[in-house]
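First the structure, in the form of structure tokens, and then the observations on it.
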Amino acid sequence: MPPGLCRFLERLETGLEGRAWPGCISGASIAACPGEALAKELAGLQHWDTSFRMVHAKTWTLKKHFVGHPTNSDFELKTVELAPLKNGEVLLEALFLSVDPYMRIASNRLKAGDVMMGEQVARVVESKNSAFPTGTIVLAHLGWTTHSISDGKALEKLLTDWPDTLPLSLALGTVGMPGLTAYFGLLEICGVKGGETVMINAAAGAVGSVVGQIAKLKGCKVVGAAGSDEKVAYLKKIGFDVAFNYKKVESLEEALKKASPDGYDCYFDNVGGEFSNTVISQMKKFGRIAICGAISTYNRTGPLPPGPAPENIIYQQLRMEGLLVYAWQGEVRQKALKDLLKWVLEGKIQYHEHITEGFENMPAAFMGLLKGENLGKAIVKA
């Protein structure tokens, strides 16, 4: 076999084993090999320069449904080989991945063996779609995976005025789904007005910390509860009027009364359970409650705690509404993202990220989130 062909085949083999072979086979490179006749035959393979790329994606799947708190044995790391790109498709490589509380209950809809759901910031590393050239940064709901193939229809580009100085990971946090949840939950569901008092639990999390800062921008008094002294200090740093460690107070009822003797106009609920029952008993007449989450109940294996006393809701004429951020789309969503970005750049909204390094640590980051180990948005850097 001609030595040039040997080198070519070695190069081909090496490329196929790589995770993102750059497509270096071309008619020109083949023709340079000794053995003209064979070189001409191989020159016909030049169209393989991209279709021959073979990428191995790592994915975290749900091995079995959670019972109580998730454990490492509930997850399984798999490697899958992706097919060559077709026209109109792009190959994506994850840069940052999100872990969020909703995944705990949303996973109940998965089957064993399914990829864990979730959003990621990804880079286009190969493209056969002119709308998404190589190097484009996108947001995508691709789950816990390192590489994916997309036809581009479900991809979202970052805001056009996203500055280079801002971390890309923020598109999964304050200027992303959690920030939008805070924005619409407070401004649309609660309809907050200046001078009102807002209560937020899980206040140092990705959503709660943004809720409190938007409420301050709107002229409200803000009370927040969190689960550690470090988190309480952070809440005070970002402008909460009152913050307390609910794990250390002798009586949650008394702590709430001390923070706002007149009660609460708006309650942004991330926790549910007995905590919410206590807050709801202190709501003012015509108070509004945005039910964003109930993380205190997600890992419960026994019966759920009873709900709030009906008389509190009836006689105070309270309004409670569940919150799904994807109800707001189109122009209103884009305006909200631009508002959040503007407030961040102006320093009116501060952010904190809890970043875990390494895709292999996705389950650990998720389990830590459910235990309250994160301050701010929990992110995994792939």
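Taken over region 346-367, the criterion of being of a type outside the set (Val, Ile, Thr) and more than 15 Å from the chain's Cα centre (by Cα) is satisfied by Glu346, Gly347, Lys348, Gln350, Glu357, Gly358, Glu360, Asn361, Ala364.
Within region 99-112, can one find any residue that is modelled with pLDDT of 95 or more, of a type in the set (Gly, Ala, Ser) and in contact with an Asp or Glu (Cβ under 7 Å, 6 or more places away or on another chain)? For region 99-112, residues modelled with pLDDT of 95 or more, of a type in the set (Gly, Ala, Ser) and in contact with an Asp or Glu (Cβ under 7 Å, 6 or more places away or on another chain): absent. Those helices (runs of 4 or more DSSP H) of region 147-252 in which at least 1 residues are of a type in the set (A, V, I, L, M) and either at pLDDT below 95 or open to solvent by 40 Å² or more (accessible area, probe 1.4 Å) (or both), considering only elements entirely within it, cover 208-217, 229-237.
Just for region 67-92: of the residues that are part of a strand (DSSP E or B) and touching a residue at least 40 places away in the same chain (Cβ under 8 Å), which one is surrounded by the most Cβ atoms within 10 Å (Cβ to Cβ)?
Going through the qualifying residues, I end up with Leu92.
Counting the residues of region 253-265 that are open to solvent by less than 60 Å² (accessible area, probe 1.4 Å) and part of a helix (DSSP H, G or I) gives 3.
Using the structure shown, decide if Lys153 is over 17 Å from the mean Cα position of the chain (by Cα) and basic (Lys, Arg).
Spelling it out, Lys153 is indeed over 17 Å from the mean Cα position of the chain (by Cα) and basic (Lys, Arg).
Only residues that are touching a strand residue (DSSP E or B) at 6+ places or on another chain (Cβ under 6 Å) and either under 21 Å from Glu81 (Cβ atoms) or of a type outside the set (A, V, I, L, M) (or both) were counted in region 108-148, giving 26.
The values are calculated or read from the model by the stated rules, or taken from the named source; none is laboratory data. All figures in this text were calculated on a predicted structure; none of them were measured in a lab. Cβ coordinates were reconstructed from backbone atoms using ideal geometry, including for glycine residues, and neighbour counts include every protein chain displayed. Heads up: the accessible areas ignore ligands, DNA and RNA and are worked out on the full protein's heavy atoms, side chains in. Shrake-Rupley method; radii C 1.70, N 1.55, O 1.52, S 1.80 Å.
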